[in-house]
1. Cα centroids of the range 224-280 and the range 78-157: how far apart, whole angstrom?
2. Would you kindly calculate the translational diffusion coefficient of the range 93-147, applying Stokes-Einstein with the Kirkwood radius from alpha carbon pairs, for 37 °C and a viscosity of 0.692 mPa s, and quote it in µm² s⁻¹ without decimals?
3. For the range 207-279, what is the largest minus smallest coordinate of the Cα atoms on each principal axis, given in angstrom and ordered from greatest to least?
4. Assuming 0.36 nm per residue, please report the length gained on full extension of the stretch residue 65 to residue 237 beyond their Cα-Cα distance.
5. Residue separation times 0.36 nm, minus the C-alpha to C-alpha distance between residue 300 and residue 209: what's the value?
6. Given a Förster distance of 35 angstrom, what is the FRET efficiency for residue 158 paired with residue 58, based on the Cβ-Cβ distance and rounded to 0.05?
7. Say each of residue 291 and residue 177 gets a label point 7 Å from the Cα, pointing the same way as Cα to Cβ; how far apart are those two points in nm?
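Just so it is clear, none of the values below were taken in a lab; they were calculated from the coordinates. What you see is a predicted model, and the numbers here were worked out from it, not measured in a lab. As a convention, Cβ positions derive from the backbone with ideal geometry for all residues, glycine included, and neighbour counts pool all protein chains shown.
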Amino acid sequence: MTGTSTRTYPLVFRTIFRVLLAVVLLAILLYFVQFDQIRTAFQQARSEYITAAAGLLIFNLGLQILKWRYLLHSSGFPFPWTNITQSFFFGVTVGTLTPGQLGELGGRGFHLSSGTPEKIIGLTIFDKLQMLGIMITGGAISLAILLNLPPSILLLVIIGSIIILLALILPPYVALLLQKTGLGDLRNKWVVGFLSVLSSIKNPRTISVTLALTLLFYTTIWLQLHFLLNAFSPVSLSDSFLGFASMMLAKSALPITFADLGTRELGLVFFLSLRSVPEATAFNSGILLFAINILVPSLIGLMFIPRSFSLKPTP
């Protein structure tokens, strides 16, 4: 018992550290973005735009659950809608407590009884990698435009983006490449399960459907942010996308805080300032985006905590 308790301390300390880091980043932002500006912006906000962004949460969550169900069923795991929905929401809740939502990888499996849990985790990783690939592609191009990089650098970014897109539509070849790098020699069941999942996703329909759902999910988040930005001040679709795509890439590259709180807002304030968007507009939009897309689903997920769930590592 003592040994188990001792091992839980680093987890608790890391969680506390990430929460404190998020608070520090928000405090820094509040230092540069005057509180009066934030309050005034909220007082003058257009409620219909905030309502529209909140309403899109239904599509946001629906697309993710639909994709998760499609991945499971196409991989030979015909779980019912109830278990899949509970699995998704509980995964979101656990993921919120970890940087980069890594906890979601294991959290989704608690409501899905399977003799091969490593494959469930492998499918979750594949789900996340598709989103990461799109975020890298959109973010890299947006950063190149925002920072006005030379044409030669922009060309390299485009070539890199094409390579990433090819990897997204050719998962078996990615698995083969990873195996040749030595990853396939590892006997860890989670690594083996992940490579097995990548190798098994060969059906063009499965790849195209899941990629399309991921693009729709990515677009939905962008539209939510666009509505939130315009609730405070007029922002064009092109400017909102450049700020959104760059922020999504930045927070994924720096998953250091609780639920990415602070890095999301800091990224939006910085990148949108390059397009002359008021700092208070960017900050308020980031906070509301967190509340709608992270906080609300996480609270829903609390209703699906399994009785056997524990944050303590297995002895």
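1. Using only Cα atoms, the two centres lie 19 Å from each other.
2. 258
3. Between the extreme Cα coordinates on each principal axis of the range 207-279 lie 40, 29, 18 Å.
4. 59.2 nm is the gain from fully extending residue 65 to residue 237.
5. Answer, rounded to one decimal: 30.1 nm.
6. For R0 = 35 Å, the calculated efficiency reads 0.50.
7. Roughly 4.2 nm, to one decimal.
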